[in-house]
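A.B. asks: Have a look at the structure that comes next, please.
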Amino acid sequence: MKKLILLVLASLLIFIGIISFKTITAPHLQIKIKHNPAPLLSDNALHHFQEAISFPTISYNDTLQWKAEPFIQFRQFLEKTYPLVHQKLNREIVSNYTLLYKWQGKDTTLAPFILMAHQDVVPIETATQNQWTCQPFAGTIKDGYIWGRGTTDDKINLISILESTEKLLSENFQPTRTVYFVFGHDEEIGGKQGAVKVAALFKQRKIKADLVMDEGGIVTKEKVPGINKAVALIGTAEKGYMSLLFSVNKKGGHSSQPDKETAIDILTKALVRLRENPFEAKFVEATQDFMRYLGPEMNFPNNMAFANAGLFKSLIDKNYSKTGTGNAMIRTTAVPTIINAGIKDNVIPTLATAVVNFRLLPGDSSAHIISKVNEIINDKRVIVSKFDDNISEASRTTSVKSIAFTRVDSLIKKSYAHVVSAPFLLIGATDSRHFADVSENILKFSPMLDPIGFHGIDERVSLESFRHSLWFFEQFLRSCH
Ligand SMILES: [Zn+2]
């Protein structure tokens, strides 16, 4: 008996020893670079940003509501505000509204860099119009923030890029590498006329880039639990997108004498089964990188959990599954977004349909998920088909060893004081997903600190964010070698 207790104790000690060893020896991956404080924000730059917000460059799903005028006026505003950019860079207009700029570099043997941002914004929901503190297209400055639709998504990036370029041109600066700017006009509705067309142009011209950077991650003090430093989240991969249509056909009839099961019953059971059986949780490469970069910067017990992620997988899974954001990072998600059946209160409908939206984890192909869905529903009466052709597979993962990642990582540390950086899996979709054939190294990062109201009410970004964003892009362009 005594021997057994000793044996158990000894194994426990060895176990604790291994975990502690792995925790203590997990390497710190943060690059040490001297911070270069951002200069003060100029009134000029701020006025330009405010004016940019005043153009309601709205993308609607319903194309009948779309208006060209704001896009044309926005373009004229850019031409007037950034004269050197329009004198010295080559500008092409793609699909009438998307803007493609080329800033010729000194060394044509180097592959170019591509910076992306989009001109369009999402609409203001009619029901929320009077809930806004400031008028959404006024560009008001209040409480240290600039308010309005498009401030965070994504005009801060577009204006920061052009503002920095104009400044550098006024110093007669020329980058070593060629740099392209791609400013799409339909990102919010899939980028089919903008980013897709520009990517095709690059492909046709056989241009391969060493770096593509688009919106996505941010600098945050709030969003990463278990760490008390600001974290710069650099998206190195992006989830895929797919919607499926579920339809059930079953003889309807009068509601006074219903069958045991109706089309509505069968459909709702399928939806409940799908929601109750989540897809398998996985730590994909970008998530593993996230843990390797942040673990050593965290306190106990988070550092221990991240350093031994394999061992603590079920614990991490459980914790992450509790919130919508956490859950989305570790698995493919499914949620019904449209449901339709019935026309009259006393008629049992013959047809019931639902649209279910999926966000695909890298490694979970759309075909694999479709077969999984059929397996989970396990009911031949529910016909599962593709809702539309707006399907994109999850992206590849950009290596943390790539020039793109190391460059952006060091520029973040130069621009922001006391920040740690981490690669991560982006849940949303960006225009850069269309550039898979143009570059191996695609990153999703906006150099702003905790923006508020993304796609919602009171969208705003701090003046500090704008100051740092300008500084980040200026340093980025200066170091395009
Ligand atoms: Zn956006």
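A.B. asks: Quick one: His28 ticks every box in (1) touching a residue at least 12 places away in the same chain (Cβ under 8 Å); (2) out of contact with any Gly (no Cβ under 9 Å at 6 or more places or on another chain); (3) assigned by TED's automatic domain parsing to the domain that holds Leu115 bar one, so which box is it?
C.D. replies: (3)
A.B. asks: With (1) aliphatic (A, V, I, L, M); (2) farther than 28 Å from Cys480 by Cβ; (3) not assigned by TED's automatic domain parsing to the domain that holds Arg467 as the list, and Ile33 as the residue in question, which single condition is left unmet?
C.D. replies: (2)
A.B. asks: Within the stretch 188-213, track down each residue that is crowded, with 21+ Cβ neighbours inside 10 Å and modelled with pLDDT of 95 or more.
C.D. replies: Gly194, Ala195, Val198, Ala199, Phe202, Ala209, Leu211, Val212, Met213
A.B. asks: Then there's this: If you check Leu7 against the conditions, is it aliphatic (A, V, I, L, M), closer than 30 Å to Lys413 by Cβ and not assigned by TED's automatic domain parsing to the domain that holds Arg460?
C.D. replies: Working: aliphatic (A, V, I, L, M): yes; closer than 30 Å to Lys413 by Cβ: no; not assigned by TED's automatic domain parsing to the domain that holds Arg460: yes.
In short, no.
A.B. asks: Can you tell which of Arg467, Arg433 is within 16 Å of the ligand (Cβ to nearest atom), touching a residue at least 40 places away in the same chain (Cβ under 8 Å), of a type in the set (D, E, K, R) and in a helix (DSSP H, G or I)? It would help to see each step written out before you state the result.
C.D. replies: On the way: Arg467 fails: within 16 Å of the ligand (Cβ to nearest atom).
Arg433 is the lone residue from the list that is within 16 Å of the ligand (Cβ to nearest atom), touching a residue at least 40 places away in the same chain (Cβ under 8 Å), of a type in the set (D, E, K, R) and in a helix (DSSP H, G or I).
A.B. asks: Going residue by residue through the stretch 113-120, is there one that turns out to be in contact (Cβ under 8 Å) with a residue 40 or more places away in the chain, in contact with a Leu (Cβ under 8 Å, 6 or more places away or on another chain), farther than 16 Å from Asp154 by Cβ and assigned by TED's automatic domain parsing to the domain that holds His468?
C.D. replies: Taking the stretch 113-120 as the starting set, the residues that turn out to be in contact (Cβ under 8 Å) with a residue 40 or more places away in the chain are 113-120.
Of the ones still in play, those that are also in contact with a Leu (Cβ under 8 Å, 6 or more places away or on another chain) are 113-114, 117-119.
Subset that is farther than 16 Å from Asp154 by Cβ: 113.
If we keep only those that are assigned by TED's automatic domain parsing to the domain that holds His468 as well, we get 113.
Yes: the stretch 113-120 contains one or more residues that are in contact (Cβ under 8 Å) with a residue 40 or more places away in the chain, in contact with a Leu (Cβ under 8 Å, 6 or more places away or on another chain), farther than 16 Å from Asp154 by Cβ and assigned by TED's automatic domain parsing to the domain that holds His468.
A.B. asks: Now for a separate question. Counting residues that are within 15 Å of the ligand (Cβ to nearest atom), which strands (runs of 3 or more DSSP E) fully inside the stretch 134-237 reach at least 2?
C.D. replies: Numbers: elements: 145-147, 179-184, 211-220.
Qualifying strands (runs of 3 or more DSSP E): 179-184, 211-220.
A.B. asks: In the stretch 124-144, which residues are in contact with a Lys or Arg (Cβ under 8 Å, 6 or more places away or on another chain) and surrounded by fewer than 24 Cβ atoms within 10 Å (Cβ to Cβ)?
C.D. replies: Initially, the stretch 124-144 is screened for residues in contact with a Lys or Arg (Cβ under 8 Å, 6 or more places away or on another chain), giving 124, 133-134, 136-137.
Once the filter is applied, which keeps residues that are in contact with a Lys or Arg (Cβ under 8 Å, 6 or more places away or on another chain) and surrounded by fewer than 24 Cβ atoms within 10 Å (Cβ to Cβ), the stretch 124-144 yields Ile124, Thr133, Cys134, Phe137.
A.B. asks: Given the conditions (1) within 16 Å of the ligand (Cβ to nearest atom); (2) of a type outside the set (Ser, Thr, Tyr); (3) in contact with a Lys or Arg (Cβ under 6 Å, 6 or more places away or on another chain), and given that Val420 satisfies all but one, which numbered condition is not satisfied?
C.D. replies: With respect to (1) within 16 Å of the ligand (Cβ to nearest atom); (2) of a type outside the set (Ser, Thr, Tyr); (3) in contact with a Lys or Arg (Cβ under 6 Å, 6 or more places away or on another chain), Val420 is out only on (1).
A.B. asks: I'd like the full set of residues that are within 29 Å of the chain's Cα centre (by Cα) and crowded, with 16+ Cβ neighbours inside 10 Å, limited to the stretch 252-277.
C.D. replies: Leu271, Leu274
A.B. asks: Here's a check for you: in the stretch 436-459, which residue that is within 15 Å of the ligand (Cβ to nearest atom) and farther than 30 Å from Gly295 by Cα is surrounded by the most Cβ atoms within 10 Å (Cβ to Cβ)?
C.D. replies: Glu459
A.B. asks: Confirm whether Phe472 is among the hydrophobic types (A, V, I, L, M, F, W, C), more than 16 Å from the ligand (Cβ to nearest atom) and in a helix (DSSP H, G or I). Walk me through how you get there before you give the answer.
C.D. replies: Working: among the hydrophobic types (A, V, I, L, M, F, W, C): yes; more than 16 Å from the ligand (Cβ to nearest atom): yes; in a helix (DSSP H, G or I): yes.
Here the answer is yes, as Phe472 does meet what is asked.
A.B. asks: Applying the selection to the stretch 308-352, what residues are outside any loop (DSSP other than H, G, I, E, B), among the small types (Gly, Ala, Ser) and free of Cβ contacts under 8 Å to residues at least 12 places away in the same chain?
C.D. replies: Going through the stretch 308-352, the residues outside any loop (DSSP other than H, G, I, E, B) turn out to be 313-321, 324-330, 333-341, 347-348, 351-352.
Next, from what is left, pick out any that are among the small types (Gly, Ala, Ser): 314, 321, 324, 326, 328, 334, 341, 352.
Residues satisfying the conditions are Ser314, Gly324, Gly326.
A.B. asks: Among the residues of the stretch 155-177, is there at least one that is hydroxyl-bearing (Ser, Thr, Tyr) and surrounded by fewer than 15 Cβ atoms within 10 Å (Cβ to Cβ)? Outline the logic, then answer.
C.D. replies: Initial filter on the stretch 155-177 (hydroxyl-bearing (Ser, Thr, Tyr)): 160, 164-165, 170, 176.
Narrowing the set further to residues that are surrounded by fewer than 15 Cβ atoms within 10 Å (Cβ to Cβ) leaves 170, 176.
Yes, the stretch 155-177 has at least one match.
A.B. asks: Can I ask one more? Only one residue in Ile14, Ile72, Ile93 is among the aliphatic types (A, V, I, L, M) and not assigned by TED's automatic domain parsing to the domain that holds Ile189, so which one is that?
C.D. replies: On the way: Ile72 fails: not assigned by TED's automatic domain parsing to the domain that holds Ile189; Ile93 fails: not assigned by TED's automatic domain parsing to the domain that holds Ile189.
Going through Ile14, Ile72, Ile93 in turn, the sole match is Ile14.
The values are calculated or read from the model by the stated rules, or taken from the named source; none is laboratory data. Note that the coordinates shown come from a computational prediction; the quantities given were computed from them, not determined experimentally. Because the Cβ atoms are built from the backbone with ideal geometry, glycine has one as well, and the counts that use them run over all protein chains shown.
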